[in-house]
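Student: Dropping the structure in here first, questions after.
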Amino acid sequence: MMHDSMDAATIVAYFKGKSILITGSTGFLGKILVEKILRVQPDAKKMYLLVRGTDAALSAKQRVQEEVIGTELFGKLREKHGDGFQQFMQEKIVALAGDITYDNLGLEAPTLEALAKDIDIIVNIAATTNFYERLPYFDDMRRYDVSLDVNVMGVKHLCQFAQQCANLKMFMHVSTAYVCGDRDGLILEKPIQPGESLQQGRYIDIDAELQLVREAKNGLMDVASNSEQKTTERKAMKELGLQRARHFGWSNTYVFTKAMGEMLLEQLRGDKPVVVMRPSIITSVRADPLPGWMQNTRTIDTFIIGYAKQNLPCFLADLSVVMDVIPGDMVTNAMIAAVVAHSEDRSPAAVPVYHVTSSLRNPVTYSVLYESILRHFYQNPRVGKDGKIIPTREIRFFSTTAQFHLYMMLTFKLPLKILQLVNLLLCGFFSRIYNDLNRKYKFVVHLVDVYGPFAFFNGCFEDMNMEQLRLTMAMKTPEDHMFNFDTKTIDWDDYFTRIHIPGVLKYLGK
Ligand SMILES: NC(=O)c1ccc[n+]([C@@H]2O[C@H](COP(=O)([O-])OP(=O)(O)OC[C@H]3O[C@@H](n4cnc5c(N)ncnc54)[C@H](OP(=O)(O)O)[C@@H]3O)[C@@H](O)[C@H]2O)c1
């Protein structure tokens, strides 16, 4: 049963004396959550941050110091505590060197035992996300083995740990709205049942999928050199992920494995209170603590940066399509509210699922973002290395693949072929022009490949549960607004132009 009514004071008071285990705190969303809880409730007991140690030299503690509390996002909190900031952080935060892909989260038995006794809340935010090809882990997200390990087995290991926590009041799992697959129409906030696939007559057996990966890897054992084996394995795992995702009706490995993670949660939750949060595309912090703050380049932001760097002359997208975006601070506010609302709720027949989305309540189309981008650059023109103003040009949009490919052929592929020939004859005289054009071509193709599907997604996320949660929030005092997650309060034009685009350029544009 959800609580009837909550105000900010109730929410803040709830976290007093509570110990929370958070995974994914070095990531974008995780940091926003850690900062918010510690800022609004300094008397939270402990915050255990499970962090992977990249190597012996860079310990979990050091990573938390550098990648979490040392970031600009913690500026407000730093100001609040002044000279006592580091001491406050030391008292509250415990960095745990671990990894959710391992049994027992990669922790030693005594640590795990002590942790299980202390934990009130678990928030699983960790995942292999799918956002940027140039980062090493972007490759991981497409690998079936890695995605299964983190997005699926990680959930299993956390569920097993949750069963050992006698005082557990909440296990929150962050999934994604796109576990629904490519669908049109209204998409409901309903849990995914174990085995349920998007293809009729096909049943997902997670153990069989793990076995498939093992067999595929064993089959690659005889490849000659070590580095050759690694390359072959990476390629094979990416192909297998896509093939299995498509076999069961999903468009990519990331959303498919996130869906399987939800299935395992449903299966292994026992009698523990569990909630699933499904955000859509998360954008920069809108209000609190640092408007515009972002980390890692994501879907629509690659588009903004591409435009700023003049690498994006065209794109395959229908500007009239509604994109579903939600600022990061609204996501964490909703998470905090849902933790409190469902705390110790052991009764639900089905796991409560929340679409943390905007398409139903306050839809915004791609054209609003595009116009905001143009407006931003008209008002803040870019200046080239030579000191001259770079004109703000419109992007050509194509709403069909055929038109897009024809344009790419005539504007890039043919000129590139000709340039390549001429360049050969003139001993590389046009190398710079060739490389520039080639880079632009590759960038557009990559962007369309990765983000194109989002731009044509025609579903609309129903958010009844979210709406009910919102209605339980008393909005009487100014303080009550500190947990605002009502997307209707967003003026998208203003948010994109004044906050998001400058934020992306400031924090990601480097
Ligand atoms: N961002 C979005 O637009 C969006 C939209 C919908 C849903 N989501 C979901 O929201 C969550 C957070 O996304 P995000 O954008 O904040 O992701 P992110 O910035 O990529 O962060 C991912 C986090 O997961 C951690 N992690 C990965 N593998 C791990 C492992 N084996 N053990 C422990 N930690 C591990 C990473 O740690 P390292 O620093 O060690 O890599 C990092 O802290 C994810 O569950 C994602 O699926 C995100």
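The values are calculated or read from the model by the stated rules, or taken from the named source; none is laboratory data. In this text, all values refer to a predicted model and were calculated from it rather than measured experimentally. When we count neighbours, we look across all protein chains shown, and the Cβ atoms used for this are built from the backbone with ideal geometry, even at glycine. Please note that ligands, DNA and RNA were not included when accessible areas were found on the heavy atoms of the full protein model with its side chains. Shrake-Rupley method; radii C 1.70, N 1.55, O 1.52, S 1.80 Å.
Student: So, of the residues in region 470-499 that are charged (D, E, K, R) and open to solvent by less than 70 Å² (accessible area, probe 1.4 Å), which turns out to be nearest to the chain's Cα centre (by Cα)? Write out each step before concluding.
Tutor: Narrowing region 470-499 to residues charged (D, E, K, R): 470, 476, 479-480, 486, 488, 491, 493-494, 498.
With open to solvent by less than 70 Å² (accessible area, probe 1.4 Å) added as a condition, the list becomes 470, 480, 486, 493-494.
Values: R470: 22, D480: 27, D486: 20, D493: 23, D494: 23 Å.
Once the filter is applied, the top-ranked residue is D486.
Student: Is one or more of the residues making up region 434-449 surrounded by fewer than 18 Cβ atoms within 10 Å (Cβ to Cβ) and under 20 Å from the mean Cα position of the chain (by Cα)?
Tutor: Within region 434-449, one or more residues are surrounded by fewer than 18 Cβ atoms within 10 Å (Cβ to Cβ) and under 20 Å from the mean Cα position of the chain (by Cα).
Student: Could you identify the single residue in L50, L58, L77 that is at pLDDT 95 or above and within 16 Å of the ligand (Cβ to nearest atom)? Give the derivation first.
Tutor: Values: L58 fails: at pLDDT 95 or above; L77 fails: within 16 Å of the ligand (Cβ to nearest atom).
Sole residue among the options that is at pLDDT 95 or above and within 16 Å of the ligand (Cβ to nearest atom): L50.
Student: Would you check which residues across region 446-469 are over 24 Å from F485 (Cα atoms) and either modelled with pLDDT of 80 or more or not in a helix (DSSP H, G or I) (or both) and list them?
Tutor: Result: F456, single match.
Student: Spot the failing condition for S280; the list is (1) at pLDDT below 90; (2) of a type in the set (S, T, N, Q); (3) within 9 Å of the ligand (Cβ to nearest atom); (4) open to solvent by less than 20 Å² (accessible area, probe 1.4 Å), and only one is missed.
Tutor: S280 satisfies all of (1) at pLDDT below 90; (2) of a type in the set (S, T, N, Q); (3) within 9 Å of the ligand (Cβ to nearest atom); (4) open to solvent by less than 20 Å² (accessible area, probe 1.4 Å) except (1).
Student: Quick one: how many residues across region 1-46 are assigned to a loop (DSSP other than H, G, I, E, B), open to solvent by 30 Å² or more (accessible area, probe 1.4 Å) and among the small types (G, A, S)?
Tutor: Adding up the residues that qualify gives 2.
Student: Ok, one more. Against the condition within 16 Å of the ligand (Cβ to nearest atom) and in contact with a Gly (Cβ under 8 Å, 6 or more places away or on another chain), how does M294 come out, does it pass? Spell out how you get there, then give the answer.
Tutor: Details: within 16 Å of the ligand (Cβ to nearest atom): yes; in contact with a Gly (Cβ under 8 Å, 6 or more places away or on another chain): yes.
Yes, satisfied.
Student: Within 12 Å of the ligand (Cβ to nearest atom), within 15 Å of A245 (Cβ to Cβ), open to solvent by less than 10 Å² (accessible area, probe 1.4 Å) and in a helix (DSSP H, G or I) - does that describe any residue in region 202-210? Walk me through it before giving the result.
Tutor: The initial filter retains those residues of region 202-210 that are within 12 Å of the ligand (Cβ to nearest atom), namely none.
No: region 202-210 contains no residue that is within 12 Å of the ligand (Cβ to nearest atom), within 15 Å of A245 (Cβ to Cβ), open to solvent by less than 10 Å² (accessible area, probe 1.4 Å) and in a helix (DSSP H, G or I).
Student: Taking the options H173, H157, name whichever one is in a strand (DSSP E or B) and within 15 Å of the ligand (Cβ to nearest atom).
Tutor: Details: H157 fails: in a strand (DSSP E or B).
One residue alone meets the criteria, H173.
Student: What pairs come out if I take residues in region 57-83 that are on the phi < 0 side of the Ramachandran plot and pair them with residues that are of a type in the set (D, E) and assigned to a loop (DSSP other than H, G, I, E, B) whose C-beta lies under 9 Å away, six or more apart or interchain?
Tutor: Listed pairs, sorted by first residue: K76/D288.
Student: What about A127, is it within 18 Å of L29 (Cβ to Cβ), open to solvent by 20 Å² or more (accessible area, probe 1.4 Å), in contact with a Lys or Arg (Cβ under 9 Å, 6 or more places away or on another chain) and not acidic (D, E)?
Tutor: Values: within 18 Å of L29 (Cβ to Cβ): yes; open to solvent by 20 Å² or more (accessible area, probe 1.4 Å): yes; in contact with a Lys or Arg (Cβ under 9 Å, 6 or more places away or on another chain): yes; not acidic (D, E): yes.
So A127 fits the description; yes.
Student: Let me ask you something else. Counting only residues that are away from the ligand (no atom under 16 Å from the Cβ), within 19 Å of K61 (Cα to Cα) and of a type in the set (G, A, S), how many does region 80-131 have?
Tutor: 2
Student: Name the residue that is nearest to the chain's Cα centre (by Cα), counting only residues in region 395-408 that are surrounded by 12 or more Cβ atoms within 10 Å (Cβ to Cβ) and without any contact (Cβ under 8 Å) to a residue 24 or more places away in the chain.
Tutor: Looking only at region 395-408, we keep the residues that are surrounded by 12 or more Cβ atoms within 10 Å (Cβ to Cβ), and these are 395-399, 401, 403-408.
Retained after the next criterion (residues that are without any contact (Cβ under 8 Å) to a residue 24 or more places away in the chain): 403, 405-406.
Details: Q403: 31, H405: 30, L406: 33 Å.
Checked region 395-408; the qualifying residue nearest to the chain's Cα centre (by Cα) is H405.
Student: Cβ contacts < 6 Å: first residue farther than 15 Å from P191 by Cα and more than 11 Å from the ligand (Cβ to nearest atom), restricted to region 246-269; second residue polar (S, T, N, Q) and open to solvent by 10 Å² or more (accessible area, probe 1.4 Å), any location; separation 6+ or different chain. Result?
Tutor: F248/S197; F248/Q199; G249/S197; G249/Q199
Student: Could I ask something else about it? Has region 57-64 got any residue that is assigned to a loop (DSSP other than H, G, I, E, B) and open to solvent by 30 Å² or more (accessible area, probe 1.4 Å)?
Tutor: We begin by selecting, within region 57-64, every residue assigned to a loop (DSSP other than H, G, I, E, B); these are 57, 59.
So of that shortlist, the ones also open to solvent by 30 Å² or more (accessible area, probe 1.4 Å) come out as 57, 59.
Yes - at least one qualifying residue is present in region 57-64.
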